[in-house]
Amino acid sequence: MTLVRMDELLKRAAAKHIGCGAFNVGNMEMVMGAVKAAEEMKCPIILQIAERRLKHSPLELMGPMMVQAAIESSADIAVHFDHGISISNIRKALELGFTSVMFDGSGLPLAENIEKTKAISLIAAEFGACLEGELGVVGGNEGEDVMIKTEYTNPADALEYSRAAGIDALAVAIGNAHGHYICEPELKFDVLREIDEIVDVPLVLHGGSGMNAQQFQEAIQNGIRKVNIATASFQELTRNVSSYVKSNSAPTYFGLNEAMVEGVYHNVKRHIEIFNM
Ligand SMILES: [Zn+2]
């Protein structure tokens, strides 16, 4: 049980018709909470950090911690760089030992997305790592002011991209959104099914926070193998810390540390249970 490649975990999930949870982390306590849940559930997970979070959680500090946590864990864990945009940061993650990276070229025209993704697939291959690509526009926001409107992944484009871009996993847009859902998400499972029928690589669902168990299970039944959870962990950590502070007349760092770990642990555990049903 150790640090593994992401495609290995997605292959195992496919064989069992389940989803593999990919949990975003931003500090040591989040890493500890996620790993604790994986170990207790005896279930592999993906630990990941997104490029846009590096301002608060520097890659050169987080990366070695995530990799070491995976190496020392009794669970199998892949370490993934989420929503990579710059080649320099993607390369840095690979140099730190991440077993998987994402290149998010979803805002580019298809031909340019293919070309750039292909170039990054060669870099990832040099390091023996996997690559996730994205097509379509996942809506919502992650703390920024702008709301992005969903553009559904076109199945024909998904086929072309997955064949030409050298990817090991494909993130799709089927009505899923990053951050908080303002209203109930309307997921197009028919689009997902169509993509899954023609595309050979495992599919990834971003923006899982706020979806209910039934929606997760329907997504998994229709081909999703990697499910990203970020906002829900950040929220549960914050809620747990806030109730710890409110219920303690003299809060301490050590109490805060435990509240953070526990908040993430509960959220990760709950999602692993749903993805394994
Ligand atoms: Zn995402």
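Each reported figure results from applying straightforward, stated rules to the coordinates on display, with no laboratory input. Quantities reported herein were computed from a predicted structural model and do not represent experimental measurements. Here Cβ is always computed from backbone atoms with ideal geometry, including for glycine, and neighbour counts include all displayed protein chains.
For the residue pair GLU40 and GLU151, what label-to-label distance in nm results when each label sits 7 Å from Cα along the Cα-to-beta-carbon direction?
The answer from the label model is 4.2 nm.
In square nanometres and to one decimal, what's the mean projected area of the convex hull around the Cα atoms of the range 226-277? Walk me through the intermediate numbers first.
Numbers: hull surface 14.9 nm².
Convex hull of Cα atoms, orientation-averaged projection: 3.7 nm².
Cβ neighbours within 10 Å, averaged per peptide: list 256-263, 108-115 in order, most packed at the top.
Details: 256-263: 19.8, 108-115: 14.9.
Packing order, densest peptide first, comes out as 256-263, 108-115.
Return the single residue from ASP190, ASP200, ASP82 with maximal mean-square fluctuation; model: Gaussian network over the chain, springs between Cα atoms under 10 Å.
Among ASP190, ASP200, ASP82, the largest mean-square fluctuation in the Gaussian network model of the chain belongs to ASP190.
Would you mind listing how long the range 82-184 runs along its three principal axes, going by Cα atoms, in whole Å with the largest first?
43, 31, 19
Can you list which of the trypsin sites (Lys or Arg not before Pro) found in the range 104-153 are DSSP loop residues with at most 11 other C-beta atoms within 10 Å?
Details: sites: LYS116, LYS118, LYS149; in loops: LYS149.
Loop-located and lightly packed - LYS149.
Treating cross-link reach as a plain straight distance, find the lysines whose alpha-carbon is under 17 Å from the alpha-carbon of LYS269, omitting any fewer than eight places away in the same chain.
Cα-Cα hits under 17 Å: LYS36, LYS42, LYS226.
State the antiparallel share, in %, of DSSP beta bridges confined to the chain, rounding to the nearest 5. Can you show the working numbers first?
Working: 2 of 34 bridges.
Looking only at bridges with both residues in the chain, the antiparallel portion is about 5 percent.
Tell me, what HN-Hα J-couplings in whole Hz come from the Karplus equation 6.51 cos²θ - 1.76 cosθ + 1.60 at θ = phi - 60° for each residue of the range 181-186, using x for Gly and Pro?
After applying 6.51 cos²θ - 1.76 cosθ + 1.60, I find 7, 7, 10, 3, x, 10 Hz.
Regarding the range 44-133, what is the average projected area of its C-alpha convex hull, in nm²? Present the calculation step by step, with values, prior to reporting the outcome.
Working: hull surface 22.4 nm².
Across all orientations, the range 44-133 yields a mean hull projection of 5.6 nm².
Using helices alone, I'd like the mean residue ellipticity at 222 nm for the chain: each DSSP H run of four-plus residues gives -39500 (n - 2.57), total over residue count, nearest 500. Each step should come with its number before you reach the end.
Numbers: 10 runs with 134 residues, N = 277.
One gets -15500 deg cm²/dmol as the mean residue ellipticity at 222 nm.
Could I get the Rg over Rh figure for the chain? Both from C-alpha atoms, Rh via Kirkwood, rounded to two places. Don't skip to the answer; put the middle values down first.
Numbers: Rg = 17.7 Å, Rh = 18.5 Å.
Reported Rg/Rh, Kirkwood definition of Rh: 0.95.
Kirkwood hydrodynamic radius (Cα pairs, Å) of the range 136-271?
By the Kirkwood definition, the hydrodynamic radius is 16.4 Å.
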